[in-house]
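S.K.: Here's a structure for you.
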Amino acid sequence: MSNSGFENKDGQEPLKYISKQEAEALETELLEDYRFGKQQLIEILGHSCAVAVTKAYPLKTLSKKQPTVLIVCGSEQNGAIGLVCARNLRAFDYEPTIFYPKRSLDNIYKDLTIQCEKMDIPFLSYLPTEVQLINDAYNLVVDAVLGVEEDTVELKEPWTTILTTIKQIKIPIISLDIPSGWDVEAGNSEGIIPEVLISFSAPKTCAIHFAGKHHFIAGRFLPYDIQKKFDLNLPKFPGTECVMEL
């Protein structure tokens with residue numbers, strides 16, 4: 001059952017890399033047994049993602065005059081987390097733009113969309129297929145397209161075209177939980193190659209194949225009993241940090 005990778009610095013057991021089945025079981029337990037709300041989890045993770053972006057790419061280090069970030073959102077939970085990430089980046093003085101081509105009918109996701117609109121975050125009507133336009137306009141791209149819940153084998157439009165475009169982007173890509181198009185366990189050598197990966201709760205097995213610059217974990221909110229039950233062996237988060245770089 002155990003998949004280990006990262007060795008903790010303080011002599012702890014190695015950090016656990018979890019399967020798709022374990023990730024789904026962990027989330028079900030949070031929602032049903034620990035009474036976390038769906039929106040609450042999305043909010044916690046979206047805020048953590050924005051914090052991780054600020055750590056990897058502080059405002060003063062961005063190459064362009066305007067601190068522009070493009071967030072590409074899917075229609076499921078990862079997309080909703082992307083919306084929360086965008087709203088928090090706006091509060092942190094970045095200039096996010098959202099591309100959200102297939103909006104969910106879920107009321108929670110609708111509310112998150114309205115919150116972004118009320119903060120004057122622009123929404124793109126289409127994603128330029130001419131990749132240079134994206135490279136020129138933005139400092140970073142946040143990949144919030146596909147998450148653990150999607151079946152990457154049965155990918156349909158608009159996602160196949162969007163992933164083809166993202167794969168060609170030259171500016172840094174930040175993927176949320178798993179790089180879009182990767183198999184949760186096997187990864188995908190032909191897929192998106194992000195510079196940053198932000199793992200939710202615990203890294204998924206595919207993260208063993210991540211070779212980018214920064215790998216963050218957003219799991220401090222997890223109750224201790226659930227960490228113990230799933231043998232996560234999370235590292236000790238410093239101070240009041242909600243994310244930690246592995």
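The values are calculated or read from the model by the stated rules, or taken from the named source; none is laboratory data. Keep in mind that what you see is a predicted model, and the values were worked out from it rather than measured. With ideal geometry, Cβ positions are generated from the backbone for all residues, glycine too; neighbour counts draw on all protein chains shown. Areas reflect the complete protein model, heavy atoms only, side chains present, ligands, DNA and RNA absent. Shrake-Rupley method; radii C 1.70, N 1.55, O 1.52, S 1.80 Å.
S.K.: Of LEU26, LEU45, LEU31, which residue is assigned to a helix (DSSP H, G or I), under 24 Å from ASP225 (Cα atoms) and without any contact (Cβ under 8 Å) to a residue 60 or more places away in the chain?
M.R.: From the options LEU26, LEU45, LEU31, the qualifying one is LEU31.
S.K.: Quick check: is even one residue across the stretch 86-102 more than 24 Å from GLY181 (Cβ to Cβ) and among the β-branched types (Val, Ile, Thr)?
M.R.: no
S.K.: Looking at the structure I just gave you, is LEU112 of a type in the set (A, V, I, L, M, F, W, C) and within 27 Å of SER201 (Cβ to Cβ)?
M.R.: So LEU112 passes the test.
S.K.: A further question on this structure: Across the stretch 217-246, what is the total count of residues that are surrounded by 18 or more Cβ atoms within 10 Å (Cβ to Cβ) and of a type in the set (Gly, Ala, Ser)?
M.R.: Number satisfying all stated conditions: 2.
S.K.: Can I ask one more? Determine which single condition TYR94 fails, assuming it passes every other condition in (1) of a type in the set (Ser, Thr, Tyr); (2) open to solvent by less than 60 Å² (accessible area, probe 1.4 Å); (3) at pLDDT 95 or above; (4) more than 20 Å from LYS64 (Cα to Cα).
M.R.: (4)
S.K.: Does any residue in the stretch 160-184 that is in contact (Cβ under 8 Å) with a residue 24 or more places away in the chain come within less than 6 Å, Cβ to Cβ, of a residue that is assigned to a strand (DSSP E or B) and charged (D, E, K, R) six or more places away or on a different chain, and which pairs are these?
M.R.: Correct list of pairs: ILE173/ASP143; SER175/ASP143; ILE178/LYS204; SER180/ASP143; VAL184/LYS204.
S.K.: Going through the stretch 48-72 one residue at a time, which ones are assigned to a helix (DSSP H, G or I) and either of a type in the set (A, V, I, L, M) or within 26 Å of GLU185 (Cα to Cα) (or both)?
M.R.: The answer is SER48, CYS49, ALA50, VAL51, ALA52, VAL53, ALA56, LEU59.
S.K.: If PHE221 satisfies all but one of (1) modelled with pLDDT of 95 or more; (2) touching a strand residue (DSSP E or B) at 6+ places or on another chain (Cβ under 9 Å), what's the number of the condition it fails?
M.R.: Evaluating PHE221 over (1) modelled with pLDDT of 95 or more; (2) touching a strand residue (DSSP E or B) at 6+ places or on another chain (Cβ under 9 Å) leaves (2) as the failure.
S.K.: Go through the stretch 30-52 and give me each residue that's aliphatic (A, V, I, L, M) and touching a Cys at 6+ places or on another chain (Cβ under 7 Å).
M.R.: Within the stretch 30-52, ALA50, VAL51 qualify.
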